[in-house]
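Here's the structure we're looking at; comments come further down.
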Amino acid sequence: MAAGAVVYTFTGSLADIDRGVYDDLSLRVARHPSETDTYMVTRLLAYCLEFEEGIAFSEGVSSTDEPAVIVRDRTGRLTAWVEVGAPDAERLHFGSKKADRTVIYTHRDPAKVLALWAGKKIHESDRIVLHSFDPGFIDAAVAVLERRNTITVSVTERQLYLDLNGVTLSSVVHDHPLV
């Protein structure tokens with residue numbers, strides 16, 4: 001019998017001063033058996049950093065036609081395609097054609113991720129941005145991860161402050177244009 005998803009809960013708050021977004025967080029995040037904790041934490045941070053009305057986690061790795069995080073307006077129209085990790089160029093091309101905005105958050109070396117897409121056909125690649133974190137930041141968050149978590153996410157001038165289960169971590173959110 002295959003193992004099922006492991007559900008993590010995150011309760012706390014979000015204060016993105018850069019975008020004027022403030023909200024209480026109460027999230028249940030399912031980690032698929034083939035998904036690493038590192039990927040899941042990056043997906044969680046992508047959700048927080050892109051937080052707006054209509055945001056949701058997709059069905060995750062089991063969904064081939066949706067990104068990790070998706071944003072829809074009130075009519076159901078896809079407004080943001082938010083990928084995590086190192087999606088292939090074809091997937092980015094597809095997402096960029098479907099949504100108004102496409103972004104990627106990665107826990108990997110951004111230079112290596114960007115190299116994967118060099119010379120590949122990606123719709124409106126000049127409008128897509130890869131976001132990364134300081135080396136070791138995601139690993140440090142994973143080290144204090146529990147099944148039930150308290151979290152505070154604050155962003156000011158692209159500096160991310162993460163308090164996870166009483167441990168405070170920080171990282172710059174680095175922006176890497178695709179072209």
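The values are calculated or read from the model by the stated rules, or taken from the named source; none is laboratory data. Computed from a predicted structure; not experimentally measured. Cβ atoms come from the backbone with ideal geometry, glycine included; neighbour counts cover every protein chain shown. Please note that ligands, DNA and RNA were not included when accessible areas were found on the heavy atoms of the full protein model with its side chains. Shrake-Rupley method; radii C 1.70, N 1.55, O 1.52, S 1.80 Å.
Can you pull the one-decimal nm distance between simple spin-label points at His32 and Asp175, each 7 Å off the Cα toward Cβ?
About 3.0 nm, to one decimal.
How about the range 1-83: which GluC sites (Glu not before Pro) there lie in a loop by DSSP and see at most 15 other Cβ atoms within 10 Å?
Sparse-neighbourhood loop GluC sites (Glu not before Pro): Glu52, Glu53, Glu59.
In the range 80-100, which residues have a backbone nitrogen under 16 Å from the label point lying 7 Å from Lys121's Cα in the Cα-to-Cβ direction?
89-98
From the P(r) of the range 1-44, can you give the percent of Cα pairs sitting at distances over 14 Å?
Above the 14 Å cut-off, the range 1-44 has 59 percent of its Cα pairs.
Work the Kirkwood hydrodynamic radius out for the range 37-118: mean of 1/r over every pair of different alpha-carbon atoms, inverted, in Å.
Every distinct Cα pair counted, the radius reaches 12.8 Å.
Can you tell me what share of the DSSP beta bridges in the range 1-131 is antiparallel? A percent to the nearest 5 is fine. Before the final figure, lay out each step's value.
Details: 18 of 26 bridges.
So the antiparallel bridges in the range 1-131 amount to around 70 percent.
Counting only heavy atoms of protein chains, what accessible area per residue, in Å², does the range 61-174 have with a probe of 1.4 Å?
On the way: 5810 Å² over 114 residues.
That works out to 51 Å² per residue.
Mind checking the full-extension length gain between Val129 and Asp109? Use 0.36 nm per residue of separation minus the Cα-Cα distance, one decimal, nm.
5.7 nm
With just the Cα atoms of the chain, tell me how far they stretch along each of the three principal axes, in Å, largest first.
Principal extents (Cα only, largest first): 46, 44, 36 Å.
Pick out, in residue order, every one of the trypsin sites (Lys or Arg not before Pro) in the range 59-147 that is DSSP loop and has at most 12 other C-beta atoms within 10 Å; say none if there are none.
For trypsin sites (Lys or Arg not before Pro) across the range 59-147 that sit outside H, G, I, E and B with at most 12 neighbouring Cβ atoms in 10 Å, the list reads Arg74, Arg77, Lys121, Arg147.
What Kirkwood hydrodynamic radius do you get for the range 88-169 when you take the inverse of the mean 1/r over all pairs of distinct Cα atoms, in Å?
For the range 88-169, the Kirkwood estimate is 14.8 Å.
In nm, to one decimal, how far is the modelled label at Val6 from the one at Arg74, with both set 7 Å along Cα→Cβ?
4.0
Are there trypsin sites (Lys or Arg not before Pro) in the range 4-70 that DSSP puts in a loop and that have at most 15 other Cβ atoms within 10 Å, and which ones? All intermediate terms of the calculation are to be shown ahead of the outcome.
Values: sites: Arg19, Arg28, Arg31, Arg43; in loops: Arg19.
Taking the range 4-70 and a limit of 15 other Cβ atoms within 10 Å, the loop trypsin sites (Lys or Arg not before Pro) found are Arg19.
Stretch Lys98-Thr168 to full length: gain in nm at 0.36 nm per residue minus the Cα-Cα span?
Details: separation 70, 0.36 × 70 = 25.20 nm, distance 3.70 nm.
That pair, Lys98 and Thr168, stretches by 21.5 nm at full extension.
In whole angstrom, how far apart do the alpha carbon centroids of the range 68-108 and the range 111-159 sit?
Measuring centre to centre over Cα atoms gives 14 Å.
Quick check: at a probe of 1.4 Å, how many percent of the accessible area of the chain sits on carbon and sulfur atoms? Could the numbers behind the result be given before it?
Numbers: 4600 of 9130 Å².
Carbon and sulfur atoms account for 50 percent of the accessible area of the chain.
Tell me, Kirkwood radius of the range 114-159 from alpha-carbon pair distances, in Å?
On the way: mean 1/r = 0.0702 Å⁻¹.
With all distinct Cα pairs of the range 114-159 included, I get 14.2 Å.
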